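Enquirer: Below you'll find the structure I mean.
What follows draws every value from the coordinates through simple rules; no lab data is involved. Treat the numbers as computed from the prediction; the structure is a model and nothing was measured. Neighbour counts are summed over all protein chains in view; Cβ atoms, including those assigned to glycine, are modelled from backbone coordinates with ideal geometry.
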Amino acid sequence: MSKETRFNLIVLVVLLAALAPGAVILFNKKLDPDASMMYLPSVLPNAFSYNDPWERPPHIQRIVPELTGQWVRILAEEFMNDPNVREVRWLSGMISQRRGFELVAVGEVEEGWILGLVVWQLKDEPDPESWIITVNGDQVQPRQVVLRRTPREVREELKGLGMVEPHRQARWVDLVLPGAAWDGMSPIEIHFATPDRLDVDQARFRLGRGSNAAS
């Protein structure tokens with residue numbers, strides 16, 4: 001083998017080594033079912049989803065995307081349309097401080113009140129068995145925690161609004177409060193913690209009749 005041939009082979013090996021990582025990334029992106037078309041430009045959306053946990057420019061509004069909102073409502077109706085649940089108030093966009101959970105429905109039951117939550121993603125993804133949930137300072141045990149996979153069209157919608165990692169799953173959680181614990185109208189504080197973390201996520205919601213504002 002001539003000296004020139006050996007030199008060309010060395011150059012070829014170096015080029016292949018340099019290009020290999022990019023080829024792997026490109027191949028993985030093509031395999032991602034949630035990835036946008038590679039020929040489309042990456043642009044800053046004119047709105048972000050209300051449940052996007054990333055810090056975003058404050059001048060760009062957050063919205064409840066249509067398909068996401070519809071799926072959340074369907075999920076809420078599945079669990080709240082119960083003969084034992086009366087006077088249900090359907091809520092929208094009532095998201096926690098870190099955007100890890102939202103309050104989607106409130107109803108009346110024989111014991112007092114039932115709160116329907118959708119938990120999108122809590123910080124560090126603690127196991128539901130380790131959750132410590134308090135409502136207005138009193139610890140409450142979930143009546144049920146149900147894991148659901150997020151529909152693909154919802155993930156695509158969230159990705160189209162700039163969410164880096166659209167939620168692949170969410171949990172339905174409902175809490176039952178004694179009638180004396182809340183009057184159904186005043187602000188309500190919900191706090192998620194774990195034995196080793198006291199600040200996983202929290203929210204203070206104002207629930208006047210017909211209101212869906214969060215503070």
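Enquirer: In what sequence, highest mean first, do 155-168, 73-86 appear when ranked by Cβ atoms within 10 angstrom?
Expert: The densest-packed peptide leads the list: 155-168, 73-86.
Enquirer: Ranked highest first by average number of other Cβ atoms within 10 Å, how do 50-58, 178-186, 102-110 line up?
Expert: Per-residue mean Cβ counts within 10 Å order the peptides as 102-110, 50-58, 178-186.
Enquirer: Taking the Cβ of each residue in ILE114, ILE132 as the centre, tally the other Cβ atoms inside 10 Å and list the residues starting with the fewest.
Expert: Result, fewest neighbours first: ILE132, ILE114.
Enquirer: Take each of the peptides 64-71, 136-143, average the number of other beta-carbon atoms within 10 Å over its residues, and list them starting from the highest.
Expert: The peptides rank, most packed first, as 64-71, 136-143.
Enquirer: Next question. Under 37 °C and 0.692 mPa s, how fast does segment 44-163 diffuse according to Stokes-Einstein, given a Kirkwood radius computed over C-alpha pairs? Answer in µm²/s, whole number.
Expert: Translational D for this selection: 209 µm²/s.
Enquirer: Right, something else. Compute the signed sum of charges (Lys and Arg +1, Asp and Glu -1) over the other residues within less than 10 Å, Cβ to Cβ, of ASP199.
Expert: +2
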